1. What number of residues within region B:94-119 satisfy the criterion of being farther than 12 Å from residue B:160 by Cα and either open to solvent by less than 40 Å² (accessible area, probe 1.4 Å) or facing chain A (nearest Cβ under 9 Å) (or both)?
2. Hey, residue A:248 hits all of (1) within 21 Å of residue A:153 (Cα to Cα); (2) free of Cβ contacts under 8 Å to residues at least 12 places away in the same chain but one; which does it fall short on?
3. Residues that are assigned to a helix (DSSP H, G or I), outside the structural domain of residue A:145 (by TED's automatic domain parsing) and open to solvent by less than 70 Å² (accessible area, probe 1.4 Å): does region A:246-255 have at least one?
4. Kindly indicate whether any position in region A:222-241 is under 30 Å from residue A:37 (Cβ atoms), under 25 Å from the mean Cα position of the chain (by Cα) and part of a helix (DSSP H, G or I).
5. Quickly run through region A:74-85 and pick out the residues that are open to solvent by less than 50 Å² (accessible area, probe 1.4 Å) and not in a loop (DSSP other than H, G, I, E, B).
6. Can you name every residue in region B:256-270 that is open to solvent by 60 Å² or more (accessible area, probe 1.4 Å) and either modelled with pLDDT under 95 or not in a loop (DSSP other than H, G, I, E, B) (or both)?
7. Out of region B:138-155, which residues are free of Cβ contacts under 8 Å to residues at least 60 places away in the same chain and open to solvent by 10 Å² or more (accessible area, probe 1.4 Å)?
8. Filter region B:1-55 for residues that are away from chain A (no Cβ under 14 Å) and of a type in the set (D, E, K, R) and give the result.
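The values are calculated or read from the model by the stated rules, or taken from the named source; none is laboratory data. For clarity, every value in this text was computed on a predicted model and none was experimentally measured. All Cβ positions, even for glycine, are placed from backbone atoms using ideal geometry, and neighbour counts span all protein chains on display. When the accessible area is computed, the model is the full protein with side chains, heavy atoms only, and any ligands, DNA or RNA have been set aside. Shrake-Rupley method; radii C 1.70, N 1.55, O 1.52, S 1.80 Å.
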There are 2 protein chains.
Amino acid sequence: MPIKTYDTISGLRGELSARRSAGAGAGVGFVPTMGALHEGHISLVRRAAAENDITVVSIFLNPLQFDESADLDSYPKTLEADIRLCEAAGTDLVFCPSVREIYPDGASTRIEMDGPTDVLCGRSRPRHFSGVLTVVGKLFHIVEPDAAYFGEKDAQQLAVIRKMVRDLNMNVNIVGCPTVREADGLAMSSRNVHLNADERKASVCLFRALTAALEKLGDAAGHGAPEDDSEWARLTADVTGSARAVLDAEPLARTEYVELLDAETLAPLGGSSRAALCAIAARIGDTRLIDNMRFSLNE
Amino acid sequence: MPIKTYDTISGLRGELSARRSAGAGAGVGFVPTMGALHEGHISLVRRAAAENDITVVSIFLNPLQFDESADLDSYPKTLEADIRLCEAAGTDLVFCPSVREIYPDGASTRIEMDGPTDVLCGRSRPRHFSGVLTVVGKLFHIVEPDAAYFGEKDAQQLAVIRKMVRDLNMNVNIVGCPTVREADGLAMSSRNVHLNADERKASVCLFRALTAALEKLGDAAGHGAPEDDSEWARLTADVTGSARAVLDAEPLARTEYVELLDAETLAPLGGSSRAALCAIAARIGDTRLIDNMRFSLNE
């Protein structure tokens, strides 16, 4: 069937309901996006299409998750190209609602979380994750997917959404998918188009910093696991220090944070941690980029 | 089929899933309760059973919605009797989870709302409605009902839940059901058991105050609708004044609030209001009671 696009909740729900009652029932796969699609998004769509009967992509630039209006205004908007990319990757339905359709006058209910929303990007973007959780919760209620696909590049977003689903008993399987990278290691991001040629070259420092961090962590792991919190803290400082040194050596980069945390809880690492997440945010020129890598501990 | 009870989420979900795939599909009706069931609850269960294939009642004393631990501790707990009442009223499945099943260690996601949660009971119970919304949202995700039934006696709760469902696009039909009253007009409530004989007699003052308010409102409506905000404010003061006079005449009653608001938005009445809600909270002795009546304006 050719791809169909809907800009109303009732239109999308009607179509989904019709396809569900007609369908084989191997499920609905959902990929929520803010548009400006790149290979990272497309890898999610391909996986959703491979694993489900019906694949839905939403394209909605969610104002609630932008703490800075300049960032919202400059976010790339490429709807027609996005729809063609969705179609080529096996999407059945695209949902591209207006802001008013998602947030009508008077809407004032939010999903909030304490804990993993407060660290990393949550420090500089205090309303960001509440905006993400609220829109993702709404989209889950609209699409009612069996599985939803998110990139591991937004590691904190993925952790926070997994926690929301668990805490609120949402009946959806969250699938995290590997970060897709350019040939030199730069993580694909809609914001990469803002980089000029020099900045684009400099931006590989995030990948290199993560590689250095994980090398350090690998060395340390070879010497046995830390035995108490102070040893974990020293290990954390060593690992983030080696990443920070790589970023500091790049004149175009301004580091916002380099952290090594428990990959699931985003709390400091400790004896019960099954995996470590090394996460970086840095500005290259005016463009804020994030990246991360995960390192298995006791998994 | 005999009634079945479940205390785990996975047990209830498994049973619902089996019944849904076997069933005719006229839907799942859901009545969330905190137990200590009375005729008011039972009227909800009967309606749910009449309108749906599968009727689920949850019995969960939700600690998140109690601002005072003494109120939580003294709340009546009558699980075995509740299950028998559910069965007699046509319930198929009872869900009676532990606190830990609903709020495992580390759970920290909440549903929050600005606006109608801040007035009436929200003033003296600042965390109450977030607790209500969070548990009701969770229960909706667990049960995935087609329709959920709530008493109009908790008018603010009903308005706030309707708004959550609308704001977060939850796919459930919210059905409000009339307040069930004792012969003298006292609204049924699990807390009525705390009233001694004198207090029980005195407690009818809430019903009488509401009756006086609606009589006043009816008189005023006969003289034509207010033309501006100051006329609405004067009308509101007249109506709440006549209710307050009835409460003030009862020595055992201490009034917490008497308010007349837009029944849907819980904002002050105005030209666009379709119905007015007169709502009262008062302590009779140590027992806090609430009651309300609705008056149609332009509906």
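1. Count: 12.
2. (1)
3. Yes - at least one qualifying residue is present in region A:246-255.
4. no
5. Answer for region A:74-85, where residues must be open to solvent by less than 50 Å² (accessible area, probe 1.4 Å) and not in a loop (DSSP other than H, G, I, E, B): A:82, A:83.
6. B:256, B:264, B:265
7. Of everything in region B:138-155, just one residue is free of Cβ contacts under 8 Å to residues at least 60 places away in the same chain and open to solvent by 10 Å² or more (accessible area, probe 1.4 Å), namely B:141.
8. Those that are away from chain A (no Cβ under 14 Å) and of a type in the set (D, E, K, R): B:4, B:7, B:15, B:19, B:39, B:46, B:47, B:51, B:53.
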